[in-house]
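Structure first, commentary second.
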Amino acid sequence: MKLPSGSRQPEKTVSQRLLQIIGKDMRIIVFGFRARTKQRRAVYDALLRCTRPARLWDLYAFVGCPSRFSNTNPKVRLLNEYWRLLGMGFYQASMRAIEDGSFTLSNEWWRISSVNSNYTMSPTYPFALLLPKSISDDKVLQACTFRARCRLPSITWCDRGTGAVLARSSQPLVGLMMNMRSNADENLVAALCTQIAGEKRRKLYIADARPRKNALANGAMGGGSESSANYFQSEIVFFGIDNIHAMRESLGRLRDYLDTYGTTSSDGMSSFLRHGGWSWGGGNLSSMSASVSTLGDTGWLIHVQTVLAGSAWIAARVALESASVLVHCSDGWDRTTQLVSLASLLLDPYYRTIRGFQALVEKDWLAFGHPFSDRLGMPSISGSGNMPFELSRQASTGSLPSSPMRQGSGSSSSQAQNTSHAQNQSSPIFLQWVDCVSQLLRMYPFAFEFSSAFLVDLLDCMLSCRFGNFLCNSEKEREQAGISDACGCLWMYLAELRASEGSSHAHYNLFYDPLKHDGPLLPPAAALAPTVWPQFHLRWSCPSEAQGGEVEAECRKLTRKFSELQRAKEAAEIRLNEASVTVESLAAELRNEKLVSTSARDAVKRASKETATIKRAVQSLGFSVYFTVDGDCNVGIERNPTEIPQQSICSVLTKDINGSVSHSEKADFSEPASEMEDAVSDNPLIRVCGSLCPMHTRDGECQWPNAGCAQSQSQLVGLKANFDAFDRLSIYDSYFGN
């Protein structure tokens, strides 16, 4: 509980029993219980059963619901990575190829061996090994006996262009006198150094990750280090990386430092209020300097820098000198794994992608037997794991025991802790390696496809035991436990998270540019100055500072908004294209309609002209032409040319749909002949006949009295055009007698 500065507590306080929980993710939680109750013990036992079960099958990955995040067998993925290294990435491995042993492919220099397919040679090595092509399996079996736990030199990365390799193994068993040798081991190591074109054999570096004194001390137990005199054209280098116990204690000091000087600590007091002052150590400069120096005293950043420097040195030797490097420590599964995987990350741009990073972790950490169960304090198939000690009696008091960071110089650890130091095999080796990767990500922000958030989620998934990828100590144990079939796959879970948001997901690095760093990364020594990883180490003690990347967060927000605008733009372009197609179709229809309209208008004009011409022609004959409402055309003979005819004796000319002309005899032609004779003189037909008929004499008499025109008195339409027909008529000879 946080108390205000200067406040006085009551004289009588209720005694509390406290329970402190230290998480592997740097989180510290304290529970307070009433005195003289058994609640604290009940909660402790319940947490103990959940966090550290006695059996492997009691872990959450097994007892939880069946996971939908299934994946292919890890053996298949390992073979695909081996084939990629050999330049045969076009092949795809399968369980059938593993069962019938047809996966042993090779190229000019190296081959895939099945000598450990049943894990009889080395139970902590993978079922398939990448070895020099010139070394047979019989020689491999002879050479493995000279290395600790039979972890003989095996290739973990190779350069197809230069022939340089990066190999790993355990320490040689040279004996107490450091004089034991093995011809099979020396031949195997020499085969790692292929011939350089046009030059002598390439140089070999043997990188021992341990301090020199530790390597010499291991000689008392039969181990030790190689002698450069026994390995042709070789050089031995010691990196001085401490063992797992030093790393565990260093992380504990870092956790206590962050808990002490963070924004809020596990005891509820802010670092600004500690020691009764408003700032660190009462606000004086010497106290603040002491707190900063305490961060250096944790040793964590020094260890991270040592691993980074060793990996950068290995990558430089391979990239710049085309040399082969053999890396080992004592057992070859802790410091060796850190160095070879980090050096591979620097050398190969593929491993700096999300897919490649997964292949790197599965190859160097899982397949080559990093003991995750032992390092995380989890049960394995061969044992029950490291069980914690019972609560000490001092923890039953009303206050927590002081952490090493807060204890005085006279405090000392208990006898039980000294005894358990060598027995405790837990250590944050993988966490330290991921911390190194985050330092490289900070130094080269354009070189990695994944972000720091991806690394944090990877660690959280590993520590939660929700998935089976990091359970057990070796590939053999995971196969015996049926991990790949019974448990979910972490990589599929992370892939589904990324698929939910696409390229804007937090796992993707916004600044990734594969063309900017398409070769090896060779950081200089001056750049290898690590800092506290804020996204992981500070997220509980300093949550506001852990967000550290406000610029990255803003860029991610802008990127997400840009993606939304991009999608909106694409949708608008689709709609615009659809509208354009619609407009084009409408324009085509409009053009067709316009053509039809133009044709119709031309036809109307032509018909109008024809009608006007016909009308003028008919009117010139003395007829009147007018149209009815229904569109019928009436033509009549005028009684008086100056007057509108009151009664027309004519035929109605109409046009049907087909344009043909038909005559409708609407006029009355039944007048008596006498009336017709009386009206001959007054009939204008005579005048018309006289003006048109060629048979009409000058004195006005008709030479064709019996013609049909004189009888019908009005049938003059078409008369002028039918003179030939008149000539063919039979005429009386007496008609022309006079």
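The values are calculated or read from the model by the stated rules, or taken from the named source; none is laboratory data. Please read these numbers as outputs of a predicted model, since none were measured by experiment. Neighbour counts are summed over all protein chains in view; Cβ atoms, including those assigned to glycine, are modelled from backbone coordinates with ideal geometry. With ligands, DNA and RNA removed, areas are computed over all heavy atoms of the protein, side chains included. Shrake-Rupley method; radii C 1.70, N 1.55, O 1.52, S 1.80 Å.
Points worth noting:
- Exclusive hit being aliphatic (A, V, I, L, M), within 35 Å of the chain's Cα centre (by Cα) and part of a helix (DSSP H, G or I), set A93, A61, A143: A61
- Filter result (within 14 Å of I135 (Cα to Cα) and assigned to a loop (DSSP other than H, G, I, E, B)) within the stretch 105-116: N107, E108, W109, S114, V115
- Of the residues screened, F90 is one that is among the aromatic types (F, W, Y), open to solvent by 50 Å² or more (accessible area, probe 1.4 Å) and either modelled with pLDDT under 90 or within 30 Å of F31 (Cα to Cα) (or both).
- Any hit, the stretch 556-576, residues being modelled with pLDDT of 85 or more, in a helix (DSSP H, G or I) and in the same structural domain as R498 (by the TED database): no
- Among the residues making up the stretch 562-594, those that are hydrophobic (A, V, I, L, M, F, W, C) and within 30 Å of E501 (Cβ to Cβ) are F562, L565, A568, A571, A572, I574, L576.
- Residue that is surrounded by the most Cβ atoms within 10 Å (Cβ to Cβ) [pool: residues in the stretch 132-153 that are of a type outside the set (D, E, K, R) and free of Cβ contacts under 8 Å to residues at least 40 places away in the same chain]: L152
- Tabulated pairs, the stretch 314-335, first not assigned by the TED database to the domain that holds F430, second of a type in the set (F, W, Y), C-beta under 7 angstrom, 6+ apart or interchain: none
- The residue list R442, R406, R355 contains one member that is among the basic types (K, R), assigned to a helix (DSSP H, G or I) and at pLDDT below 95, which is R442.
- Where a residue in the stretch 606-625 is in contact (Cβ under 8 Å) with a residue 60 or more places away in the chain and its partner, wherever it lies, is part of a helix (DSSP H, G or I), with Cβ under 7 Å and at least six apart: L621/V688; G622/P684; G622/V688
- Only one entry of P530, P514, P520 meets the criterion of being touching a residue at least 12 places away in the same chain (Cβ under 8 Å) and either farther than 23 Å from A359 by Cβ or among the polar types (S, T, N, Q) (or both), and that entry is P530.
- Among residues of the stretch 445-483, those that are small (G, A, S), under 21 Å from G356 (Cβ atoms) and outside any loop (DSSP other than H, G, I, E, B), counted: 2
So that you can scan it fast, the table gives a plain yes or no per residue for (1) in a loop (DSSP other than H, G, I, E, B); (2) among the acidic types (D, E); (3) surrounded by 21 or more Cβ atoms within 10 Å (Cβ to Cβ):
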residue: R160; (1), (2), (3): yes, no, no
residue: A167; (1), (2), (3): no, no, yes
residue: V174; (1), (2), (3): yes, no, yes
residue: M180; (1), (2), (3): yes, no, no
residue: A184; (1), (2), (3): no, no, no
residue: N187; (1), (2), (3): no, no, no
residue: G219; (1), (2), (3): no, no, no
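- Among the candidates W540, W491, residue that is of a type in the set (F, W, Y) and more than 30 Å from T120 (Cβ to Cβ): W540
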